Amino acid sequence: MKSSQFSFQWLLLMVIFVSTSFHANGLKLRPRLGRIRRSRILEQKDSNHGFETFFYNQTIDHFSYGPESYQTFPQRYVINSKFWGGGNSPILAFLGAEAPIDDNIQPSGFTYENAHQFKALIVILEHRYYGKSVPFGSRKAALKNARHRGYFNSAQALADYASILLHIKDKYNATHAPVIAIGASYGGELATWFRLKYPHVVIGSLASSAPILYYGDITPWTTYHSVVSKDFRDTSEECFQTIKKSWSEIDNIASKPDGLAILSKKFKTCTPLKNTTELKDGLDTVYSEAAQYDSPSNIPVKRICNAIENAPNCGDDILCKIAAGVVEAYLLEYDGNNSRCYINEDRTGDESDEGWEWQSCSEMVVPMGKDKNSMYQPEPWNLTKYIKDCKEQYGVSPRPSWVLTYYGGHDIKLILRRSTSNIIFSNGMRDPFSRGGVLENISDSIIALSTKHGSHCLDLDEAKKSDPDWLVQQRKTEVKIMQGWITQYYDDFKAINK
């Protein structure tokens with residue numbers, strides 16, 4: 001979920017979009033798991049802070065032995081040794097997710113800001129098929145070919161990370177250096193699964209906003225949009241009710257002659273609306289993104305609600321008020337620039353959207369829908385249609401239960417209590433994905449850190465003077481726990497090698 005050094009402050013980075021994807025072929029996917037919200041680069045910090053970029057000659061297929069399996073591709077990783085103590089000092093490995101790692105190459109964010117406390121080597125790993133880590137020569141060749149797409153999955157990505165980290169330990173003569181994996185959102189899921197599958201490579205993982213329980217039947221399909229609705233209702237009942245009433249008003253106007261043209265003009269869409277679904281999905285994106293990234297420093301939900309409630313010259317016009325909320329949402333993202341269009345921007349060719357579409361249509365199948373108790377029109381989860389749409393798009397059916405089969409998830413308290421250790425699950429409860437995360441301690445070393453007012457991956461953001469005390473304390477607790485893992489590792493190493 002964005003390196004020679006990396007910043008996690010969303011105002012400074014290029015977005016990893018959380019949009020609800022809706023494509024011309026009718027394929028509608030879950031919100032992206034990106035660590036930071038869609039935005040623009042307001043400022044690029046000087047990246048000359050000790051980051052060095054390398055490429056590892058990576059195997060295309062780690063799990064079979066056919067001729068094509070032995071092909072390789074250059075996989076990018078970035079190292080910063082500014083704080084490293086050398087030898088077997090710790091390694092902090094940030095696991096890239098569904099985006100290029102370029103925006104992570106910043107001298108800020110949790111990992112960079114705390115590396116000095118561990119005297120740690122910073123490693124940032126790019127996920128295969130994103131950024132500069134694309135096999136088969138080009139993204140087009142990699143994604144358009146059905147056989148090539150088959151190597152694009154989480155298990156291959158984890159094997160990639162293991163191979164690179166073992167290579168780095170050998171290269172730096174750090175065979176016994178303890179490695180801690182850090183990941184955000186989908187990257188947090190990867191960090192969790194990395195600890196489960198490769199305990200000989202990482203001694204622990206910090207999994208920020210990792211919804212590992214959002215698969216199969218573990219978390220109700222209504223949950224995500226129920227939390228979005230709760231965030232808005234807790235902020236303003238009037239705002240909640242206005243949004244809830246707006247859907248039928250959209251339908252009413254659309255039913256009139258030139259109704260879609262009227263809606264296009266009212267919402268200043270980038271292209272004329274072809275149907276109401278296009279508009280409704282755009283609004284869903286606005287509300288979901290605001291709730292998911294509702295940090296205390298930017299309060300997007302409150303600002304959108306204020307815009308809806310105080311929209312000038314709207315009177316009783318519900319959609320006029322909703323349009324004012326949309327404008328405010330875009331002002332938050334684009335630094336006050338409102339001379340633009342809204343809702344249906346052309347994102348053709350966005351590699352994160354294209355990559356995540358495939359991942360969602362293969363293994364990352366999250367049941368997600370809306371019921372009548374939310375602020376949305378009811379739209380139940382329909383797995384049959386989901387499978388049909390994905391098969392039409394890619395020629396293969398998703399595997400909805402594979403994540404739970406391969407990584408587990410059911411009875412997680414019982415299973416993980418004895419089978420693993422050293423994982424921090426951090427969640428902000430205003431994040432709709434939080435309810436698919438681990439919210440209770442599983443053992444003395446598998447710890448859940450939840451914050452009532454936190455948002456998606458907020459703990460990994462760049463520290464600010466304005467951060468509330470609970471956020472400062474959360475980060476301190478994470479560091480303390482990680483230091484305990486490292487101390488225990490060194491103690492065990494000494495005891496075994498007396």
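The values are calculated or read from the model by the stated rules, or taken from the named source; none is laboratory data. Just so we're clear, the structure is a prediction, and the values are computed from it rather than from any experiment. Ideal geometry is used to build each Cβ from the backbone, glycine not excepted, and the neighbour counts take in all protein chains shown. Ligands, DNA and RNA are stripped out before the accessible areas are found, and what is left, the full protein with its side chains, is counted by its heavy atoms. Shrake-Rupley method; radii C 1.70, N 1.55, O 1.52, S 1.80 Å.
Numbers below:
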{"read-out": "Tabulated pairs, segment 301-325, first under 30 Å from HIS456 (Cα atoms) and open to solvent by 60 Å² or more (accessible area, probe 1.4 Å), second assigned to a helix (DSSP H, G or I) and at pLDDT below 95, C-beta under 6 angstrom, 6+ apart or interchain", "value": "ARG303/GLU328"}
{"read-out": "Residue count, segment 136-150 (criterion: more than 23 Å from LEU95 (Cβ to Cβ) and part of a loop (DSSP other than H, G, I, E, B))", "value": "3"}
{"read-out": "All positions within segment 423-447 that are of a type in the set (S, T, N, Q) and open to solvent by 10 Å² or more (accessible area, probe 1.4 Å)", "value": "ASN441, SER443, SER445"}
{"read-out": "Qualifying residues in segment 106-135 (those that are under 17 Å from the mean Cα position of the chain (by Cα) and in a loop (DSSP other than H, G, I, E, B)) - the one surrounded by the fewest Cβ atoms within 10 Å (Cβ to Cβ)", "value": "GLY131"}
{"read-out": "Meets criteria (under 19 Å from the mean Cα position of the chain (by Cα), over 28 Å from GLY131 (Cα atoms) and surrounded by 15 or more Cβ atoms within 10 Å (Cβ to Cβ)) for SER450", "value": "yes"}
{"read-out": "Helices (runs of 4 or more DSSP H) completely within segment 364-454 that count 3 or more residues being within 27 Å of PHE240 (Cα to Cα) and among the hydrophobic types (A, V, I, L, M, F, W, C)", "value": "none"}
{"read-out": "Selection within segment 381-426 - under 21 Å from the mean Cα position of the chain (by Cα) and within 21 Å of ILE203 (Cα to Cα)", "value": "TYR406, TYR407, GLY408, GLY409, ILE423, ILE424, PHE425, SER426"}
{"read-out": "Residue that is nearest to GLN241 (Cα to Cα) [pool: residues in segment 313-337 that are in contact with an Asp or Glu (Cβ under 9 Å, 6 or more places away or on another chain) and modelled with pLDDT under 95]", "value": "ALA329"}
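Table: residues versus (1) open to solvent by less than 30 Å² (accessible area, probe 1.4 Å); (2) assigned to a strand (DSSP E or B); (3) at pLDDT below 60.
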position	(1), (2), (3)
VAL18	yes, no, yes
SER39	yes, no, yes
LYS45	no, no, yes
GLU52	no, yes, no
ILE79	yes, yes, no
ASN88	no, no, no
